[in-house]
Amino acid sequence: MKLYDSRLAPNPRRVRIFMAEKGMTCDTEQLDIVKGENLTDDFLNINPRGILPTLVLDDGTVLDESVAICRYLEEIQPEPKLMGHDPASKAYVEARQRHMEFDGLLPASEAFRNSFPGFAERGLAGTRDTVAAIPDLVGRGTASLARFYEALDAHLGEAPFVAGDEYTIADITALCVVDFASTAARVPVPDSCENLKRWHAEVSARPSAGA
Ligand SMILES: N[C@@H](CCC(=O)N[C@@H](CS)C(=O)NCC(=O)O)C(=O)O
């Protein structure tokens, strides 16, 4: 299998961390999204949606959603389990992972995409069409991130990890959100979120965080 990856983007990082936690490797090709390398004819022939990460399986199947890729990896290499152990924990991990995406990753993307000068005419991911960014959306993304940080901080005051007692895919998504929001979108975690900062230091210390 082959992974189409992009070093600086948050979604491909989720897959890299997931693979590192499982000790997996595969052929990888780096594409620079800012330079538009995901929008060339060559890549659009592989994935017409033009987005990363994209995993191409040995039989030619193309998987281009981070969680679908992680689901595949979890199935072919079940240990360590990162998506739950039994019906209830699998469902709970999925719910928490969705919270991290909808409440954190989407607002961070909104804040970044509509403020980054290089994307002023690339308001939508994965298309060569000219779509103007909407600067007013930066405020909405920033406000959503403030709510996200507060809710996650409260949760991490009650549990060591994002989905309870064990490190899971929900922690991976949350780590990618916090790092992307803090750096690219310039919305750092407030000092008042002590539980979130404790968790962030712990998960950042795992070797997989550098993947
Ligand atoms: N729902 C997708 C989102 C993938 C996505 O938005 N990827 C971004 C990089 S983080 C991308 O490929 N952007 C291409 C562009 O901006 O043109 C997933 O979870 O994998």
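The values are calculated or read from the model by the stated rules, or taken from the named source; none is laboratory data. Only a predicted model underlies this, so the values are computations on that prediction, with no experimental measurement involved. With ideal geometry, Cβ positions are generated from the backbone for all residues, glycine too; neighbour counts draw on all protein chains shown. Surface areas here come from the heavy atoms of the whole protein model, side chains and all, with no ligands, DNA or RNA. Shrake-Rupley method; radii C 1.70, N 1.55, O 1.52, S 1.80 Å.
Could you tally the net charge around residue 31, taking each other residue with its Cβ under 11 Å from the Cβ of residue 31, Lys/Arg +1 and Asp/Glu -1?
Details: positive: 7, 35; negative: 5, 29, 32, 37, 42.
The answer is -3.
Share of the range 87-210's accessible area from carbon and sulfur, percent, 1.4 Å?
That fraction is 56 percent.
Report the longest stretch of the chain that contains none of the GluC sites (Glu not before Pro) sitting in a DSSP loop with at most 13 other Cβ atoms within 10 Å.
Longest run free of exposed loop sites: 1-120.
Please name whichever of 84, 144, 100 sits farthest to the positive end of the charge dipole of the chain, dipole taken about the Cα centre and charges placed at Cβ: Lys and Arg +1, Asp and Glu -1.
The listed residue farthest towards the positive side: 144.
What accessible area per residue, rounded to a whole number of Å², is obtained for the chain using a probe radius of 1.4 Å? If you can, show how the numbers build up before the last one.
On the way: 10530 Å² over 211 residues.
Result: 50 Å² per residue.
I'd like the antiparallel share, as a percent to the nearest 5, of DSSP beta bridges with both residues in the range 2-76.
55
Using DSSP, restrict attention to beta bridges with both residues in the range 1-142 and report what percent are antiparallel, rounded to the nearest 5. Intermediate results must be reported in sequence, preceding the final value.
On the way: 5 of 10 bridges.
Of the beta bridges lying entirely in the range 1-142, close to 50 percent run antiparallel.
Using a 1.4 angstrom probe with every protein chain in place, what is the largest-first accessible-area order of 1, 24?
Per-residue accessible area, sorted high to low, gives 1, 24.
Taking θ = phi - 60°, what integer Hz values does the Karplus form 6.51 cos²θ - 1.76 cosθ + 1.60 yield along the range 95-101, in sequence order, with x for Gly and Pro?
Once θ is set to phi - 60°, the couplings for the range 95-101 become 4, 5, 4, 5, 4, 5, 6 Hz.
At a Förster distance of 45 Å, what's the computed FRET efficiency of residue 46 paired with residue 191, Cβ-Cβ distance as r, to 0.05?
Computed FRET efficiency for residue 46 and residue 191 comes out at 0.55.
Just how many pairs of Lys in the chain have C-alpha atoms closer than 29 Å, counting pairs that are eight or more places apart or on different chains?
So the count of such lysine pairs works out to 10.
Given the whole protein assembly as supplied and a 1.4 Å probe, what does the accessible area of residue 200 come to in Å², nearest 10?
So the heavy atoms of residue 200 present about 50 Å² to solvent.
Are there trypsin sites (Lys or Arg not before Pro) in the range 160-211 that DSSP puts in a loop and that have at most 16 other Cβ atoms within 10 Å, and which ones? Let's see the in-between values first.
Working: sites: 186, 197, 198; in loops: 186.
Within the range 160-211, the qualifying trypsin sites (Lys or Arg not before Pro) (loop, at most 16 other Cβ atoms within 10 Å) are 186.
With each run of n ≥ 4 DSSP H residues scored as -39500 (n - 2.57), what mean residue ellipticity at 222 nm is computed for the chain after dividing by its residue count and rounding to the nearest 500 deg cm²/dmol?
Values: 8 runs with 98 residues, N = 211.
Rounded to the nearest 500, the figure is -14500 deg cm²/dmol.
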